[in-house]
Amino acid sequence: MQYFVQQLVNGLTLGSIYGLIAIGYTMVYGIIGMINFAHGDIFMVGAFTALIVFLILAAAFGSVPIVVALLVMMIVAMLLTSLYNWTIEKVAYRPLRGSFRLAPLITAIGMSIALSNFVQVTQGPRNKPIPPMVSQVYNIGGISISLKQIIIVVVTAVLLALFWYLVNRTALGRAQRACEQDRKMAALLGIDVDRTISITFIMGAALAAVAGTLFLMYYGVVSFSDGFVPGVKAFTAAVLGGIGSLPGAVLGGLLIGFIESMWSAYFSIDYKDVAAFSILAIVLIFLPSGILGRPEVEKV
Amino acid sequence: MAGAPLLDIKGVHTYYGNIRALNGVNVSVNEGEIVALIGANGAGKSTLMMTVFGAPRARTGTITFAGTDITQMPTHEIARLRIAQSPEGRRIFPRMTVMENLQMGASLDNLKYYDEDVEKVFTLFPRLKERINQRGGTLSGGEQQMLSIGRALMARPKLLLLDEPSLGLAPLIVKQIFDAIRELNRTQGLTVFLVEQNAFGALKLATRGYVMVNGNVTMSGTGKDLLANPEVRAAYLEGGHH
Ligand SMILES: Nc1ncnc2c1ncn2[C@@H]1O[C@H](COP(=O)(O)OP(=O)(O)OP(=O)(O)O)[C@@H](O)[C@H]1O
Ligand SMILES: [Mg+2]
């Protein structure tokens, strides 16, 4: 039982990170009906930015209070990563809007490769480690919970609450949902659709950057290829939850996190990534609209 | 700009791919008028309404609104000049509540006049008030029609485009809507350009009317004249409900 609860805690941690990434997939899909395959690499760029900021902070100030370091890392990563995603949308996706359906998808795969190659060339191909930032571990009734895990879950929860408010209670969120449901009508009401789409990419990137920072803190290492596997898992989470659905992305993220930690604990840690890929295949076959998704896929 | 029409459509050709839907249309709407556009199915009426917003864009010709050339202006900027439309198919946001749909209508002013204006819409369509928290997609056809018109009014338009406002509504509601249009026109000077299948009602309501056939305007005149015109009567009025 203790072991099981321990896995739940681990799963919740992983699931938080996947959920944050999954939102970016699902929002972009919701608004322009496209799978942004470069989103995993946007997450990786976020993690790398956080790493560089950490190294600069460490070099400049020696030891920095952990809260300050994390905050600065997150904010810089959010800003820079948003800029990347904003640029990618503007340069690579927007000109193809209204083109045949596969065109933006192929471009997104191209952007994914370009981003990971860019980081490989500029940062080198090896794993980049950082010294452990947070190492406290608490023992609660035989279950060990690390401070890292607490930070991840709390940051995720706060961010999701803010994000929920933004989407459901502000003019910007309303405009986003309007564009998602009927872009042409939104424009007839004076909504700048292109700008709204840009903001969506920025929001998705900002969440992915936070996920990247948390990922770096959790594992203490990042490499140029780290966009791929977490990216696919988060994409699976988005599909499992129902692509286009924001609560679905969070739910899917948590489920994938739980499945992964249970799988590693009870079956085989070597094959933990296989679990996510298998789920993706199974969901696509048997439950294509996901748990909270809408069955109709056609766009107006 | 005295004397110039509020909306002036000149020589507009619009295509869907290679298919021509509008073939050199000339239509003007003066400030304070109610102008009706009638014509058979597929004549190009809805296309004209949407071409005013640049969606689809006119391939040739010009469209001016209050003296500004809007032919190439982005759709949302055209809307910001205070042209509102209740388009064909109503286009209610299906997963937004009635309130959110109305709020979307008031986006131009950031909801500044929302409370005041929404009361006016509720006076016009009390049903919407009862349904305020219902999702747009679950409303009945008639309720959606009311919401679509209400949403357009929330934008405080100078020019209101209505594409078949009476479609799918019970005769009593149609009468209410036509009365409401007349009232808004009379008391607030709202300029209205409407497309109608209900030619009789529309021409009776309208200051002037246009008849469209196959992407061309073939006739125009005052509502009264068109109503009396034997060709119009034969094509659009006989057999209809009077
Ligand atoms: N998106 C589109 N793609 C291709 N052709 C279109 C499109 N929309 C309309 N058309 C064609 O353009 C012509 C004019 O259509 P439009 O909708 O403007 O007619 P309408 O006068 O509004 O008809 P109705 O009274 O049935 O609403 C029709 O022949 C129609 O088939
Ligand atoms: Mg029509």
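The values are calculated or read from the model by the stated rules, or taken from the named source; none is laboratory data. Source: prediction; values computed, not measured. Because the Cβ atoms are built from the backbone with ideal geometry, glycine has one as well, and the counts that use them run over all protein chains shown. Protein only, heavy atoms only, side chains kept; ligands, DNA and RNA dropped before computing areas. Shrake-Rupley method; radii C 1.70, N 1.55, O 1.52, S 1.80 Å.
Dividing the summed helix terms, -39500 (n - 2.57) for each DSSP H run of n ≥ 4, by the number of residues in chain B produces a 222 nm estimate of -10000 deg cm²/dmol to the nearest 500.
For the residues B:Asp163, A:Asp273, a 1.4 Å probe over the protein chains yields an accessible-area ranking, largest first, of A:Asp273, B:Asp163.
Using only side-chain charges placed at the Cβ, +1 for Lys and Arg and -1 for Asp and Glu, the dipole size of the protein assembly as shown relative to its Cα centre rounds to 220 debye.
Residues whose amide H comes within less than 5 Å of that of B:Thr191, counting only those at least five positions distant or on another chain, are B:Gly32, B:Leu160 (H built at 1.01 Å from N in the peptide plane). Peptide B:84-97 has a mean shielding of 4, counted as Cβ atoms of other protein chains within 10 Å of each residue's Cβ. Take each residue of peptide A:239-248, count the partner chain Cβ atoms within 10 Å of its Cβ, and average: the result is 0.
How much length would be gained if the chain were fully extended between A:Gln123 and A:Ile269, taking 0.36 nm per residue of separation minus their Cα-Cα distance, in nm to one decimal?
On the way: separation 146, 0.36 × 146 = 52.56 nm, distance 2.89 nm.
Result for the pair: 49.7 nm of gain on full extension.
Take every pair of alpha-carbon atoms less than 8 Å apart whose residues are at least six positions apart; their mean separation over the length of segment A:88-211 yields a relative contact order of 13 percent.
For chain A, the longest principal axis of the C-alpha atoms and the axis of helix A:228-241 are separated by about 60°. Within the straight-line cut-off of under 23 Å between alpha carbons, the lysines reachable from A:Lys272 are A:Lys128, A:Lys148, A:Lys233, sequence neighbours fewer than 8 places apart in one chain being disregarded. Using modelled backbone amide H atoms (1.01 Å from N, in-plane), which distant-in-sequence or interchain residues come within less than 5 Å of A:Ser146's amide H? Excluding prolines and chain starts, which carry no amide H, the hits are A:Tyr138.
Largest GNM mean-square fluctuation across B:Leu124, B:Leu159, B:Leu37, computed for chain B with C-alpha springs under 10 Å, falls on B:Leu124.
Take the alpha carbon gyration tensor of segment A:1-139, find the square roots of its eigenvalues, order them as a ≥ b ≥ c, and report rounded if a/c is under 1.5; if not, report prolate when a/b exceeds b/c, else oblate. List each step's numbers first, then the result.
Values: a/c = 2.41, a/b = 1.46, b/c = 1.66.
It is oblate, given that a/c is not under 1.5 and a/b is not larger than b/c.
Here B:Lys204 and A:Ile282 are evaluated by their C-beta separation; at R0 = 56 Å the FRET efficiency comes out at 0.35.
Given a 1.4 Å probe and the protein chains as shown, B:Asp69 ends up with an accessible area of around 90 Å².
Simple spin-label estimate for B:Ala55 and A:Ala92 gives 2.7 nm between the two label positions (7 Å along the Cα-to-Cβ direction from each Cα).
Restricting the count to DSSP beta bridges whose residues both fall in chain B, what percent are antiparallel, rounded to a multiple of 5? In chain B, DSSP labels about 55 percent of beta bridges as antiparallel.
For the pair A:Ile56 and B:Glu130, a Förster radius of 45 Å applied to the C-beta separation gives a FRET efficiency near 0.15, rounded to the nearest 0.05. Which listed residue (B:Val232, B:Ile177, B:Asn198) has the Cα farthest towards the positive end of the charge dipole for segment B:168-242, taking +1 on Lys and Arg C-beta and -1 on Asp and Glu C-beta about the Cα centre? Positive-end residue among those listed: B:Ile177. In a simple Cβ point-charge model (Lys, Arg +1; Asp, Glu -1; nothing else charged), segment A:2-286 has a dipole of about 420 debye relative to its Cα centre. When +1 charges are put on Lys and Arg Cβ atoms and -1 charges on Asp and Glu Cβ atoms, the dipole computed for segment A:175-253 relative to its Cα centre reaches about 80 debye.
Which residue, A:Tyr271, A:Phe215, A:Phe54, has the largest displacement toward the positive end of the dipole of the protein assembly as shown when charges sit on each Cβ (Lys, Arg +1; Asp, Glu -1)? The residue sitting farthest along the positive end of the dipole is A:Phe54. Sequentially through segment A:101-111, phi angles give Karplus couplings (6.51, -1.76, 1.60; θ = phi - 60°) of 4, 7, 4, x, 5, 5, 4, 5, 5, x, 5 Hz, Gly and Pro residues having no value and appearing as x. Residues whose amide H lies under 5 Å from that of A:Val222, counting only those 5 or more places away or on a different chain, are A:Lys128; hydrogens are built 1.01 Å from N in the peptide plane.
Inter-label distance, B:Asp225 to B:Glu238: 2.3 nm, where each label sits 7 Å from its Cα along the C-beta direction. Farthest toward the dipole's positive end in chain A, which of A:Gly30, A:Gly173, A:Pro129, given Cβ charges of +1 (Lys, Arg) and -1 (Asp, Glu) about the Cα centre? Of A:Gly30, A:Gly173, A:Pro129, it is A:Gly173.
3J(HN,Hα) along segment B:29-35: 10, 8, 4, x, 8, 10, 10 Hz, from the Karplus curve 6.51 cos²θ - 1.76 cosθ + 1.60 with θ = phi - 60°, whole Hz, x for Gly and Pro.
3J(HN,Hα) along segment A:146-157: 8, 4, 3, 5, 5, 4, 4, 5, 5, 4, 4, 4 Hz, from the Karplus curve 6.51 cos²θ - 1.76 cosθ + 1.60 with θ = phi - 60°, whole Hz, x for Gly and Pro.
Note: relative contact order over chain A, using C-alpha pairs below 8 Å and six or more positions apart, is 37 percent. Taking all Cα pairs closer than 8 Å and separated by 6 or more residues, the relative contact order of chain B comes to 26 percent.
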